[in-house]
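Report on the structure given below.
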């Protein structure tokens, strides 16, 4: 409990413990980032509009200071918006995952074991609606609550079909 790390506590990317995000939160961060970038750009534009008044014939040093403050504030807001958008993108998937893997991460695997997503399923747990391979069945097996039937799912990949053909012989 104290000082012992389990597999469920390991973060998928750096900073996940600091900012764990759900889908709704990621969308909100992305939108907030867009708004911060836009407001920062407007502030920088207004700051550049102060320059002709500050540097003219009868220039005022105070206007130059206000313009510099607006420019730095706008740059800070735009950078903050970019940071929020980067955090939203980073939270979508762990680094090293391809876009196809990230897209299919939450889906059930067709043609393979639904727990390890690797081997050909040999049994179907009717209670939990899971197709399981032999290795995962050993971990899942509970004769008191689960009802098992042979799996009717066939492998969909060439490697899975070859594995199933070897298993039959």
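The values are calculated or read from the model by the stated rules, or taken from the named source; none is laboratory data. Bear in mind the structure is a predicted one, so any value in this text is a computation, not a measurement. Cβ coordinates were reconstructed from backbone atoms using ideal geometry, including for glycine residues, and neighbour counts include every protein chain displayed.
Please tell me if residue 54 is surrounded by 15 or more Cβ atoms within 10 Å (Cβ to Cβ) and over 23 Å from residue 86 (Cβ atoms).
Values: surrounded by 15 or more Cβ atoms within 10 Å (Cβ to Cβ): yes; over 23 Å from residue 86 (Cβ atoms): yes.
Against the criterion (surrounded by 15 or more Cβ atoms within 10 Å (Cβ to Cβ) and over 23 Å from residue 86 (Cβ atoms)), residue 54 qualifies.
Given the criterion assigned to a helix (DSSP H, G or I), in the same structural domain as residue 25 (by TED's automatic domain parsing) and buried (at least 18 other Cβ atoms within 10 Å of the Cβ), identify the matching residue among 76, 64, 70. Before you say what the answer is, go through the steps one by one.
On the way: 76 fails: buried (at least 18 other Cβ atoms within 10 Å of the Cβ); 64 fails: buried (at least 18 other Cβ atoms within 10 Å of the Cβ).
Answer to the check: 70.
Quick check: is even one residue across the stretch 134-148 at pLDDT 70 or above and part of a strand (DSSP E or B)?
Going residue by residue through the stretch 134-148, those that are at pLDDT 70 or above are 134-148.
Applying the additional criterion that residues be part of a strand (DSSP E or B) yields 148.
For the stretch 134-148, residues at pLDDT 70 or above and part of a strand (DSSP E or B): present.
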